[in-house]
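The structure under discussion appears below in the form of structure tokens.
The values are calculated or read from the model by the stated rules, or taken from the named source; none is laboratory data. The model shown is predicted, which means the values in this text are computed figures rather than measured ones. Neighbour counts run over all protein chains shown; Cβ positions are idealised from the backbone, glycine included. Please note that ligands, DNA and RNA were not included when accessible areas were found on the heavy atoms of the full protein model with its side chains. Shrake-Rupley method; radii C 1.70, N 1.55, O 1.52, S 1.80 Å.
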Amino acid sequence: MIDNETMRSILARRSYKTFDGRPIGDEALETIVTAGLYAPTGMNRQPWHFTVIRSPEMLEKLGAARRSLPLPPGIPPEIAAKMGDPMRSAPVMILVSAKEGGTSFEDCCLAMENMFIAAASLGIMSGWDHATVKDLFRHDPALKAELIPEGYVLYAAAFFGYPGPAVKDRGERKGTVAYV
Ligand SMILES: Cc1cc2nc3c(=O)[nH]c(=O)nc-3n(C[C@H](O)[C@H](O)[C@H](O)COP(=O)(O)O)c2cc1C
């Protein structure tokens, strides 16, 4: 494998749910968002809307809403207990939404992955949280209306922050690969 800065960022990225509370500066945030905006999109539609949430009040509001919700179906309490409460420590959350149709789903996920890698290159880690935010929006349409444009579907949501306590190293990859 060729070792370069991009590969080091890809390999360094880990999913986190606990962050150290340090804010993400404007320049770092702009860098992360720019990486998202430069993801490829089907027919170059760039269908998305990025909602960058860094207001402590909004993060607290989302956290309180999240804590008040019943567990999503199928998640046993002992697993939920391990899920942590990222909205207590993450300084930023980014939502990527788009109108349904075409390649919106793929486009939004690619944007989020670009942001994950750009963040990792700056020592900022991330954590996917789409299911919970979707659940929040289902219970609270007013919150959804406040955060994403009307008629848009939430396709990706994640936290960003400087990492808190180290996570279990899930770095090793065991997927199968065939070279044909
Ligand atoms: C679509 C998607 C959904 C995920 N959902 C959760 C989740 O509900 N809870 C969680 O702790 N991690 C979740 N993750 C993170 C994965 O568990 C994590 O990416 C995987 O274990 C590999 O670890 P790494 O990201 O640190 O390399 C999700 C990741 C993706 C891409």
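Quick look at the numbers
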quantity	calculated
Anisotropy class of the stretch 5-161 from Cα gyration tensor, a/c 1.5 cut	oblate
Lys pairs, the stretch 5-161 - Cα-Cα below 24 angstrom, 8 or more residues apart or on other chains	11
CD proxy at 222 nm, helix term only [per DSSP H run n ≥ 4: -39500 (n - 2.57); per residue of the chain; nearest 500]	-12500 deg cm²/dmol
Heavy atoms of L71 accessible to a 1.4 Å probe, total area in Å² rounded to 10	90
Efficiency of FRET from Cβ geometry, M1 and A64, R₀ 41 Å, rounded to 0.05	0.35
Prolate/oblate/rounded call for the stretch 100-180, Cα gyration tensor, a/c under 1.5 rounded	oblate
